[in-house]
Amino acid sequence: MKQKATAFLAILMLLASIFPFVSAQAEETDPIYERIQQSGELVVGLSADYGPYEFHAEVDGKDKIVGFDISIAEKIAKDMGVKLKVEELGFDALLGALKTGKIDMVISGMSITEERLKEVDFSDPYYIVKQKVLVRKDDANKFKSTADFNGVPVGAQKQTTQEDLAKNEMTGSEVTSLQKVPDLINNLINQKIDAVVLEEPIAEAYVQQSDNVAIAPVEFEQGEKVTAIALSKDTPVLKQHVNESIAEINDQNLLDGYLKDANKLMFQEDQTFFQKYLPYYLTGAKYTILLAFVGVLFGMIVGSLLALMKLSKNKILRFLAIAYIEYVRGTPLLVQIFIVYFGTGVLGLDLSKLVAGCIAVSLNSGAYVAEIVRAGINAVNKGQTEAARSLGMNQKEAMRYIVFPQAIKNILPALGNEFVTIIKESSVVSVIGVSELIFQTGVVQGASFKPFLPYVIVSLIYFVMTFCISRLLGLAERRLGVND
């Protein structure tokens, strides 16, 4: 018995000596770092409408995302011995993309807050900046402290430190929160709001570019923002490598050089507005038309199937079709896009932004097309089906050869309207970074510091596209009418 106890004790001592080693080894790795090393690629998420942090600029004749955040990301990737891949998303989609594994880290001028710390981890700070209040030039001396904003409409970027400051320190202010800084500036210039809370480099950039705005002498109690890199929780090795790179940037004062390079790219004046930004609009139009075409094509397939299910005598098929149609029609397209993009990530499917956008638009369109197809089928005279059956056709053949072709001709105008509708509604996919027209307009806003002109141009492009498609559909309808 003593021998057994002694042997058991020896085993326990052996395990005790092994486990600390195993535990120490476990702390030296994490799955995200391993994935980065295996793929040879560091995927960084950002919102490139926030110069000088990150913005679009022409470099060597090509459009690139640049800024001092990009320089930091390049430094980290180089130190890790991997390539840098940039994923551009809306700011409020970044943390969702990080948590679902779409990206490895967020470098987008993001500050550390208690709410964010509950969801993600942060690196050591790499930049400390003051917050400023941008106002119209005529109001530069009107606002001198945070107490002067009682009843004043104030703008701030959604889910940011600036939004918190506007709500907590600008006593009595009426806060308007928007996703993009250029939209806030547009509201300020057009007197929709009277002030915008911005980081000092951003505010100074707009003052340099516009004679209509100025920085008010307002100081915040909590006006210093600590900027850091957002990481997934439980990534000790990745965090260690990131912190080592940040320490080197700070020790060698590399950030000053990164800022100078970013400012040079922000204020290039070698081209006119249209020469510089026309390619952005052309790219956006291409993706918008692609989204609309794919949406209607696969929406027609899905919608036809749903319509036949809803017309079926099988109660289960009818229930499934009705449930799908009612759910999709009763929820916003934006929500459906997030479900497809982030939900597929949770399921282990790594869909690109464009593919996720196409799937979401197609599934959404299918619900509406289903009702269009069902109405078209019901509009075909029942005598057509009876005549087909009298000729020996079964129900399936009658539907395929007699009813459905006539239904398509009946629903063509409605399908044309659906195509035009999708061209406009597909703008929602910009939130996950698909480079359609509205996304590219945001890029132009961020790079040009012109908040209003880019929207005028994109409205004209939308009008030309929808007008031309409507005329082509009208021509097709008349051709079908001639063949009656």
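Applying D = kT/(6 pi eta Rh) to segment 72-121, where Rh is the Kirkwood radius over alpha-carbon pairs, T corresponds to 20 °C and eta to 1.002 mPa s, the Stokes-Einstein value obtained is 178 µm²/s.
Heavy-atom accessible area for residue 300, with the other protein chains in place and a 1.4 Å probe, reaches approximately 40 Å². Could you state how much accessible area residue 220 has, in square angstrom rounded to the nearest 10, with a 1.4 Å probe and all protein chains kept in place? The accessible area comes out at roughly 20 Å². Remark: the chain carries 51 Å² of accessible area per residue (probe radius 1.4 Å; ligands, DNA and RNA excluded).
With a cut-off of 9 Å between beta carbons, the residues surrounding residue 129 carry a summed charge of -1, where Lys and Arg count +1 and Asp and Glu -1.
Rounded to 0.05, the FRET efficiency of the residue 168 and residue 233 pair, given R0 = 25 Å and the Cβ-Cβ distance, is 0.40. Cross-link pairs exceeding 27 Å between alpha carbons, from the set 64/118; 78/102; 64/286; 144/260; 83/233; 137/225: 64/118; 144/260. A P(r) calculated from all alpha carbon pairs of segment 177-260, with 5 Å bins opening at zero, reads 3, 10, 16, 16, 15, 14, 12, 8, 5, 1 percent. Computed over segment 347-390, the P(r) tail beyond 15 angstrom holds 63 percent of alpha carbon pairs. Annotation: extensible slack from residue 390 through residue 189 equals 65.2 nm (criterion: 0.36 nm per residue apart, minus Cα-Cα distance).
With label points built 7 Å along Cα→Cβ from the Cα atoms of residue 60 and residue 124, find their separation and express it in nm. Distance between label points: 3.2 nm. When a 1.4 Å probe is rolled over the protein heavy atoms, the share of accessible surface on the chain that falls to carbon and sulfur comes to 57 percent.
With the cut-off at under 15 Å, measuring from each backbone N in segment 163-199 to a point 7 Å along the Cα-to-Cβ line of residue 147 picks out 169-173.
Considering only 155, 253, 312, whose Cα is most displaced toward the positive end of the charge dipole of the chain, charges sitting on Cβ of Lys, Arg (+1) and Asp, Glu (-1)? Toward the positive end, the furthest listed residue is 312. Dimensions of segment 327-439 from C-alpha coordinates, computed as largest minus smallest value along each principal axis and given longest first, are 54, 30, 22 Å. The amide H of residue 42, built 1.01 Å from its N in the peptide plane, has 83, 84, 85 as neighbours under 5 Å, considering only residues 5 or more places off or on other chains.
Peptide packing for 439-445, 451-457, 195-201 was compared via the average number of neighbouring C-beta atoms within 10 Å per residue; ordered from the highest value, the list is 439-445, 195-201, 451-457. Under Stokes-Einstein, with the Kirkwood radius over Cα pairs standing in for Rh, what whole-number D in µm²/s applies to segment 46-203 at 37 °C and 0.692 mPa s? D = 193 µm²/s. Peptides 123-132, 43-52, 386-395 ordered by packing proxy, namely the average of other Cβ atoms within 10 Å per residue, highest first: 43-52, 123-132, 386-395. Reported to the nearest whole Å, the Cα centre-to-centre distance from segment 378-432 to segment 168-245 is 51. Taking the inverse of the mean 1/r over every pair of distinct Cα atoms in the chain gives a Kirkwood hydrodynamic radius of 26.1 Å. Which aspartates and glutamates have a Cα lying under 12 Å from the Cα of residue 180, excluding residues fewer than 8 positions away in the same chain? Straight-line reach from residue 180, under 12 Å: 49, 92.
Taking the helices alone, the chain has a mean residue ellipticity at 222 nm of -19500 deg cm²/dmol, built from -39,500 (n - 2.57) per DSSP H run of at least 4 residues and averaged over all its residues. Given a Förster radius of 30 Å and the C-beta distance between residue 334 and residue 244 as r, what FRET efficiency does 1/(1 + (r/R0)^6) yield to the nearest 0.05? Step by step, r from the Cβ atoms, then E = 0.15. Estimated from the Cβ-Cβ distance and a Förster radius of 56 angstrom, the FRET efficiency linking residue 208 and residue 412 is about 0.55. Using only side-chain charges placed at the Cβ, +1 for Lys and Arg and -1 for Asp and Glu, the dipole size of segment 88-223 relative to its Cα centre rounds to 280 debye. Number of Lys-Lys pairs in segment 319-462 with C-alpha atoms under 22 Å apart and a separation of 8 or more places or on different chains: 4.
The values are calculated or read from the model by the stated rules, or taken from the named source; none is laboratory data. The model shown is predicted, which means the values in this text are computed figures rather than measured ones. Methodologically, a virtual Cβ is constructed for each residue, glycine included, from the backbone with ideal geometry; neighbour enumeration extends over all protein chains shown. Just the protein is used for accessible areas: all its heavy atoms, side chains included, with ligands, DNA and RNA removed. Shrake-Rupley method; radii C 1.70, N 1.55, O 1.52, S 1.80 Å.
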